[in-house]
Amino acid sequence: MKITLTLIKADIGGVGGHSKPSEKILTTVKEFVNSKASELLLDHLVFHFGDDIGILMSHNKGISNSPIHKLAWDAFTKGTKVAKSQGLYGAGQDMLKDAFSGNVHGLGPGVAEMEFEERPSEALVVFAMDKTEPGAFNLPLYLAFADPMWSPGLLLSPDIGKGFTFEIIDTEYLKADKIIKLNTPEDTYDIAALLRETRRYVIRAIYSRAHPKEQALAVSTSRLKHIAGRYVGKDDPVAVVRTQRIFPATEELGACFRVGHYVGGDTRGSHHQPLMPVKFNSTASIHYCIPLVQGITFSIQNGKMTEYVDIFDEPFWDFVRQKVSEKSILMREQGFTEPSMLPRDELEYGGIVERLKNLESKFKTKK
Ligand SMILES: [Mg+2]
């Protein structure tokens, strides 16, 4: 059976800042999606990650399907009304256009979706990150799909050992959809050369080379600033990933998030901070909104999802959280100096840019 998994997300307002959506918004969005589910969906799950809300939907209508995208858009529109009525911070922040037009691409909400022939044992992982950007997925996905030091399946499984095709998008040219396809293992260094620039080059999808029609994953790659023409917040990204058999094991993929690698983001989207793996439906941290990633795994059959397992909710990850907390403090002790604070062209809140501009005329040539 061919199914589509669509995950659409948006930040439509937070309680007391960028913490989490209110219970009333979450209930509003859930009830709306429930009311449309029997007509359009095989299954669904509504959740939050920090101040963002995710709507995960299984269906058989293909990608970029208008009624499916409209369902999410309408749910977020209803939620935005509640956010405004409650005076929430950033109410309707990611709803950048007034009207729905075909699908949510270019309207503000982020999308990760893929269509695939369901396997007899279809294993899936969903990741959602808050207070960071799509390039935060570059390192863990590279490790899981291209590095045998991290992903032993690349050596141990003949199918996985044939490598993967990486689809990488150049987000500077998002409107023109500039995409490059590169293959592991032969293009590994080219892939690494691109993925190191996390603010520009982003993994959009990965495909099996043993079974080229089989897509392993999809990542949301929207850049809100391209849509709005100004900085309106980080593009908190989501990803849907198929695991097991011809793809890395769920555990090989999950382990790559123990790095707690430094990513651009946190409060004001202005610093490098480590990516903290947290429990599902977590609130953003009051410690400078440290970038967070949460994840679930589940099985699916005829589009029906089992209950999920919260992958970062067991003792090992408490240890990782300890390590990442220390990394966060160490970097923050550097205060406003680089690389703690992002370089000038990434300081998306305008205040410091204006300040530096004003100082320019006061510089005198040294005699
Ligand atoms: Mg957010």
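The numbers here are math on the coordinates, done by the rules we state, and not lab data. What you see is a predicted model; the values in this text were computed from it and never measured. Ideal geometry is used to build each Cβ from the backbone, glycine not excepted, and the neighbour counts take in all protein chains shown.
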Residues 365, 188, sorted so that the one with the fewest Cβ neighbours within 10 Å comes first:
365, 188
Any idea how far apart residue 197 and residue 279 come out in nm if each label point goes 7 Å out from Cα toward Cβ?
4.1 nm
Per GNM of the chain with C-alpha springs under 10 angstrom, the most fluctuating residue out of 262, 142, 308 is 308
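Work out, in µm²/s and without decimals, the Stokes-Einstein translational diffusion coefficient of the chain at 37 °C, 0.692 mPa s, Rh from Kirkwood over C-alpha pairs.
Details: Rh = 21.0 Å.
My calculation gives 157 µm²/s for D.
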In a GNM of the chain with a 10 Å cut-off on Cα contacts, which of 187, 159, 345 has the highest mean-square fluctuation?
345
Spacing of the two label points (7 Å from each Cα toward its C-beta) at residue 156 and residue 60, in nm
3.6 nm
Using 26 Å as the Cα-Cα cut-off, could you pick out the over-long pairs in 181/304; 61/304; 131/213; 2/181; 213/304?
181/304; 131/213
So which aspartates and glutamates can residue 78 reach, going by Cα to Cα under 18 Å and dropping same-chain residues fewer than 8 places off?
11, 23, 31, 51, 52, 94, 98
Okay, which of segment 1-22 sit inside 18 Å, backbone N to the point 7 Å along the Cα-Cβ direction of residue 286?
14-22
Interchain or sequence-distant (5+) residues whose placed amide H lies within less than 5 Å of the amide H of residue 122 are 300
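Please compute the net charge surrounding residue 244, taking Lys and Arg as +1 and Asp and Glu as -1 over other residues with Cβ under 9 Å from its Cβ.
Details: positive: 119, 242, 245; negative: 122.
Counting the neighbours of residue 244, the net charge comes to +2.
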What ranking do 333, 326 get, fewest neighbouring Cβ atoms within 10 angstrom at the top?
333, 326
Taking 25 Å as R0, compute the FRET efficiency from the Cβ-Cβ separation of residue 365 and residue 337 and round it to 0.05.
0.40
